[in-house]
Amino acid sequence: MESGLTLTLEGKSRDAHVARSEARAFFATNRWAAPYDDALLVISELVTNAVLHGGGPLTVTLESAPPDVIITVTDRGAADPARRHPKGDDECGRGLDIVDRLSASWHVVHAVGFKTIVAVVRSTQCPSPTRSGPGRSAAQA
């Protein structure tokens, strides 16, 4: 059983689908006790944001840290992700809200020439009593 997965993607519109498909296969093959739907949605949102706002190529990693799955998405953008305030029928602008609601914590790590978003998705078998706030680690909450 493997403890992680690393994908290198081109920064194209299809990358969210590719990352979701690869992650789904990896979870199934390795029988991870993870909240697949939550983790897959967080992966999809982070990759979509990276493609739209960060630039490619992208690197996506999944790590097992029971009871958590640690998801990282690295892109070439320098700017922090920004929350938007969509109206009810807007099709875009909810990605960070989704990541915040489904993650135990998430934060941004900057380095020269790229940034990495790190999200921790807690297993549904060991629910977290509280969630951290947006862009804060669980220890900071």
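The values are calculated or read from the model by the stated rules, or taken from the named source; none is laboratory data. Because the structure is a prediction, the values reported are computed rather than measured. A quick note on method: Cβ atoms are made from the backbone with ideal geometry, for glycine too, and the neighbour counts reach across all protein chains shown.
Miscellaneous remarks
- Test: Leu62 is part of a strand (DSSP E or B), in contact with a Phe, Trp or Tyr (Cβ under 6 Å, 6 or more places away or on another chain) and over 21 Å from Gly113 (Cα atoms): no
- So Thr48, is it out of contact with any helix residue (DSSP H, G or I) (no Cβ under 7 Å at 6 or more places or on another chain) and touching a residue at least 24 places away in the same chain (Cβ under 8 Å): no
- Restricting Ala78, Ala138, Ala119 to residues that are surrounded by fewer than 20 Cβ atoms within 10 Å (Cβ to Cβ) and either in a strand (DSSP E or B) or at pLDDT below 80 (or both) narrows the list to Ala138.
- Residues satisfying the stated conditions in the stretch 46-55, i.e. buried (at least 16 other Cβ atoms within 10 Å of the Cβ) and either in contact with a strand residue (DSSP E or B) (Cβ under 9 Å, 6 or more places away or on another chain) or small (Gly, Ala, Ser) (or both): Leu46, Val47, Asn49, Ala50, Val51, Gly54
Residue-by-condition table, conditions (1) surrounded by fewer than 18 Cβ atoms within 10 Å (Cβ to Cβ); (2) at pLDDT below 90:
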site	(1), (2)
Asn30	yes, yes
Pro35	no, yes
Ile43	no, no
Leu58	no, no
Pro66	yes, yes
Val69	no, yes
Arg84	yes, yes
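- Of the criteria (1) outside any strand (DSSP E or B); (2) surrounded by fewer than 21 Cβ atoms within 10 Å (Cβ to Cβ), which one Ala19 fails: (2)
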